[in-house]
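Just below is one structure, and these are the notes that go with it.
Read-outs: derived from the displayed coordinates by stated rules, not from any lab. Predicted, not measured: the structure shown is a model, and the values here were computed from it. Cβ sites come from the backbone with ideal geometry, for glycine too, and all protein chains shown count toward neighbours.
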Amino acid sequence: MSASASYLARRAAQKERVRILYRRALKDTLSWAVHRHLFYQDADVLREKFEVNKHVEDLETIDRMISDGEATYNKFRHPDPYTIPWAPGGSKFNRNPAPPKGIEIVYNFGREDND
């Protein structure tokens, strides 16, 4: 019973590693492809690379293939990946930070108090 539980736990961990590797590689492909039609072609090639080994059952072979895939991904990662401008690390992130405490900004847009 425990042998099958450990087998299932190891397979679940492997599936998670493959999923993470695929998503990272797919997102990194967006940085390499300038246009969407180029990205779709690259994404199809990437998917085919993963689909070829979909039916491998040997746990040691799967671990070795995942490690090789992660090493290849790290070797060919984009040196300057695209970042959404307003996301953390983007060019617009925190461009206009909040004012310091004690300073109050009132937006009345020309409607002064006429008392």
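Summary table below
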{"read-out": "Which labelled figure in (1) 15.4; (2) 8.0; (3) 16.8 is mean projected area of the Cα convex hull in nm², once derived from the coordinates", "value": "(1)"}
{"read-out": "Fully extended contour minus Cα-Cα distance, from His35 to Val56, at 0.36 nm per residue", "value": "4.2 nm"}
{"read-out": "Options Asn108, Phe39, Tyr22, ranked by Cα towards positive dipole end of the chain, top entry (Cβ charges)", "value": "Tyr22"}
{"read-out": "Those GluC sites (Glu not before Pro) in segment 2-73 that DSSP places in a loop and that have at most 11 other beta carbons within 10 Å", "value": "Glu57"}
{"read-out": "Average Cα contact separation per residue, the chain, under 8 Å, 6 or more apart, as relative contact order %", "value": "25"}
{"read-out": "Derived scalar couplings ³J(HN,Hα) [segment 68-80; Karplus, 6.51 cos²θ - 1.76 cosθ + 1.60; whole Hz; x for Gly, Pro]", "value": "4, x, 5, 5, 5, 4, 5, 6, 10, 5, 5, x, 9"}
{"read-out": "About the Cα centre, charge dipole magnitude for the chain (Lys/Arg +1, Asp/Glu -1 at Cβ), debye", "value": "240"}
{"read-out": "DSSP-loop trypsin sites (Lys or Arg not before Pro) across segment 18-82, with at most 15 other Cβ within 10 angstrom", "value": "Lys54, Arg77"}
